[in-house]
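Here the structure is laid out as structure tokens; the discussion comes afterwards.
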Amino acid sequence: MTGVFLLLLAALLGPVPRLLSNARWAGRVPRAAAITWVVYAFVTAYLLLLNLVFVISWLVAGVLLAWMIGRLVHTVLTLRRTQRRHQEMLAMVAEWDPGRRVHVIDDDRALAYCLPNGAAPMVVVTRGCLELADDAELRAILAHERSHARNRHDLLVAGFLAWQRILPFVPSCRLAADAVGAATEAWADDAAVAAVSHDVTLRAIIRMGSGGADGPVWDPDPPTLRRIRRLLDQMPGPRAGHLVR
Amino acid sequence: MVRRDHLERAVLESLWGNPDGLTAPEVVDLLADRHLALTTVHTVLDRLRAKDMVVRERDGRVFRHRATRDREEMTADAMLAVLADSADHTLALSMFVRSVSPADAEAIRKALGGRRV
């Protein structure tokens, strides 16, 4: 379409006025010739404007596309660099626990996570986590993290993170990224429930979140609160009571 | 973890045990039971330097290698990266429960002297 308009404009600026000025009929009907020139002027001006708009919009689209590709490449490279740096450090300080099939970091804080690592994401726990959780809770925690690893939740999360970084000015992109994050957590929680039970999974979340402290000292962040509510909702009513005093 | 990591870890651990630094031949002697060639140790040290885990200084006609961070500092860095990530997911980690708030992570980051993690 743009091509047609550009060709038309080129014709109007080149051969058309030459033909028109050499036309023999112009001498016979000067009034018609004058009107023809006016029409010619208006059409040419209109096409000039139209083509200007086309060129500008193509330029803007091109710049925007280049910017988005740049953001995508930057996001992917940043992700990979951060993950590789972390893997390199783990390779030096973490111990492989062949029994539990997890990498253990020697730190008091109770943490368990799944680290993207090519085709085989790594499950990492801290010594604090192993000390804090009892055997059943640990089974729930590891089932949760292994579900992340087995179902490649890292790809989902990274994909939507990139999507969000490409279009940072579109609120729904952040919404989608957050929702995908929440969905993968709920998905992994279901795996933990299947491996142990609702009770134990809830207990594990609460114990890890509160760091084992007694009393109402833990204020879960909204996503964790939603996970707790979801698990409570799935349980038969009377049994839920003893978990949240 | 692959074999290469084991070797790098053994060399780094020998440097952790010698804060004053080691020359490549000294590393070969310390890891004598592994029967490493000097060139192998040089390669491993180069790789560790590329990862910013080791620095080398000229000492007369030889290079002395030192670990940039000891084991505790590296563990702290790894943990901090995980905790700080709860805000922006750059590591795309899926943490079981985020018990540390971004504000706490910021406090830890400051305590570590703003070191890049």
At 37 °C and 0.692 mPa s, the Stokes-Einstein diffusion coefficient in µm²/s for region A:94-240, with hydrodynamic radius from the Kirkwood sum on alpha carbon pairs, is 202 µm²/s
With every protein chain kept in place and a 1.4 Å probe, region B:3-67 has an accessible area per residue in Å² of 59 Å²
Ratio for the protein assembly as shown, C-alpha Rg to 2.2 N^0.38 Å, reads 1.56
On the accessible surface of region A:94-240, probed at 1.4 Å with all protein chains in place, carbon and sulfur together account for a percent value of 58 percent
The orientation-averaged projected area of the Cα convex hull of region A:43-116, in nm², is 7.7 nm²
When A and B pair up, the total accessible heavy-atom area removed from solvent (1.4 Å probe), in Å² to nearest 100, is 3500 Å²
Taking A:Y113, A:Y46 and ranking on accessible area (1.4 Å, protein atoms only), highest first, one gets A:Y46, A:Y113
With Rg from the Cα atoms and Rh as the Kirkwood inverse mean 1/r over Cα pairs, region A:1-47 has an Rg/Rh of 1.05
With all protein chains in place and a 1.4 Å probe, A:D107 shows an accessible area in Å² (nearest 10) of 20 Å²
Semi-axes of region B:3-67 from the Cα gyration tensor (sqrt of 5 times each eigenvalue, largest first, whole Å) come to 16, 13, 11
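Restricting to Cα pairs below 8 Å that are 6+ residues apart, what does the relative contact order work out to for chain A? Please round to a whole percent.
Worked out over chain A, it gives 14 percent.
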When every protein chain stays in place and a 1.4 Å probe is rolled, A:M92, A:M1 sorted by accessible area with the largest first are A:M1, A:M92
Relative to chain A, whose Cα atoms define the longest principal axis, helix A:171-195 and its Cα axis are tilted in degrees, nearest 10, by 30 degrees
The correct ranking of A:V43, A:V60, B:V44 by accessible area at 1.4 Å, largest first, is A:V60, A:V43, B:V44
Counting only protein heavy atoms and leaving out ligands, DNA and RNA, the solvent-accessible surface of A:F160 at a 1.4 Å probe, in Å² to the nearest 10, equals 70 Å²
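The values are calculated or read from the model by the stated rules, or taken from the named source; none is laboratory data. Please read all numbers here as calculations on a predicted model, not as lab measurements. The area values use the complete protein model at the heavy-atom level, side chains included, leaving out ligands, DNA and RNA. Shrake-Rupley method; radii C 1.70, N 1.55, O 1.52, S 1.80 Å.
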